[in-house]
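The block underneath contains the structure these notes are about, expressed in structure tokens.
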Amino acid sequence: MWRVQAALVAVGVLVGLGAVVVGRSPSDALTAFVFFSIVFPVILLSCIAVMVPAVAVHELGHVLAGRRAGFKLLLLVVGPFGWRIVRDRLKFYWVKPVVMGGLAGMVPGGKDDLRRRMAVFIGGGPLASLLYVLLLLAILHLTGINLSVFGIGAEHPRHEGLQSYLSISVVIGAFIFVSSIMPSRASYVQSDGHHLWTLFKGGARAERLIALMTVQAQWAAGMRARDWSPELLQQALEPKDKSLSEANALLYSYYHHLDRGECALAWAAIDRAGELTKSLHQVYSNWKTLLQLERAFGLAWCQGDAAGARDALASAGAVPANLDGTRLRAEAAIAQAEGDLEKASQAVDAAVAFMHREVAELRDNHRAELAWLDKLRGPHPHQVASGQPDEPN
């Protein structure tokens, strides 16, 4: 947080100096400095003070409902705050990069009545958000403080600050409830309501959802991809309906086989995922970029096709900063396939530095990534794997 504050102060100084340079009065420069270095950070912290409780209530709703349904907690994220289970104990960590969303990573215990139990777990979040809004409205009513948002509603002269906080909290909580309970899907994100509707309809897609949410929770909690259940991954791959969910399942299958050293199976999974994505619309652009980067890595490492890998890397386009580690791994694999071990080692060093810089604490899945990177320092095996493990990790 101090880095953000320092950056805002620096912006305030630069804007203030800029105001002087372009002929503005010293008072204008002082106003700009005060706003960016003092007022804006206060506004930012106020937004966090409103958002974090609303997100926390929603995610805790998932956790409590999941515990009730016999699920095991692996991970809880609320904005910049994260907790995960390490050796049966809850451990705090700072989430990097900071987002104002949340995540409750839980896995089911046992397979009995799993569809109903998953629905209980998913429905706990929207229900908690609704109860949060009703509680805030009750507090406003019992204290005699009117709801007032954006000038609508009478302002309370004695408790204006509290009125604003509670009123905005009601709006944020209501927004989280409505947006989560509506059965909608936008790009890569599917709402709780969409998941509940899928479970209500049942069938293979409901089974896929259960499998995908379980694997995603394990991945987010730091479990190595090679340790994921093959049965769950196979369940996630059905039905073959050329949907985003199938492409997502193929990506997880790719990581699983890659971590097990099964290059032929890994390549088959990522290649099909890439082909499926070409026919999909409204797909999160970063996700498409990720698939192209992984295809580039697969072509170089699993197929030994450096030229094809370079084409795939070029087709990824502008790579966002959060995918720089994946890009560097692909570049290292390409350099290795071309026989340029010095360039490969440089890319590996940069990827390792990126991971240590961006990851607050290394977990098992990060160590898997480091193991993949370490294999790129030596000569390329120059073979297309037969589906058997290349070598133990």
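The values are calculated or read from the model by the stated rules, or taken from the named source; none is laboratory data. Note that this is a predicted model, so its numbers are computed, not measured. Counting neighbours? That spans all protein chains shown, and the Cβs are built from the backbone with ideal geometry, glycine included.
Observations on the structure shown:
- Restricted to region 260-300, and to residues there that are acidic (Asp, Glu) and either crowded, with 21+ Cβ neighbours inside 10 Å or assigned to a loop (DSSP other than H, G, I, E, B) (or both), the residue that is nearest to the chain's Cα centre (by Cα) is Glu294.
- As a summary of the residue check, Phe71 satisfies the conditions (1) modelled with pLDDT under 90; (2) more than 27 Å from Arg357 (Cα to Cα) except for the one numbered (1).
- Selected residue (criterion: surrounded by the fewest Cβ atoms within 10 Å (Cβ to Cβ)) from residues of region 109-125 that are of a type outside the set (A, V, I, L, M) and under 15 Å from Ile181 (Cβ atoms): Gly123
- The set of residues in region 191-217 being surrounded by fewer than 22 Cβ atoms within 10 Å (Cβ to Cβ) and not aliphatic (A, V, I, L, M) consists of Ser191, Gly193, His194, Trp197, Phe200, Lys201, Gly202, Gly203, Arg205, Glu207, Gln216.
- Here Glu275 meets the list (1) more than 27 Å from Gly105 (Cβ to Cβ); (2) free of Cβ contacts under 8 Å to residues at least 24 places away in the same chain; (3) in contact with a helix residue (DSSP H, G or I) (Cβ under 6 Å, 6 or more places away or on another chain) almost entirely, failing just condition (3).
- Residues that are closer than 12 Å to Asp324 by Cα and of a type in the set (Gly, Ala, Ser) were ranked within region 335-357; the one that is surrounded by the fewest Cβ atoms within 10 Å (Cβ to Cβ) is Ala353.
- Residues of region 359-375 that turn out to be among the basic types (Lys, Arg) and surrounded by fewer than 17 Cβ atoms within 10 Å (Cβ to Cβ), as a count: 1
- Ser315 fulfils the conditions (1) within 21 Å of Cys263 (Cβ to Cβ); (2) free of Cβ contacts under 8 Å to residues at least 24 places away in the same chain; (3) of a type in the set (Ser, Thr, Tyr) except for a single criterion, (1).
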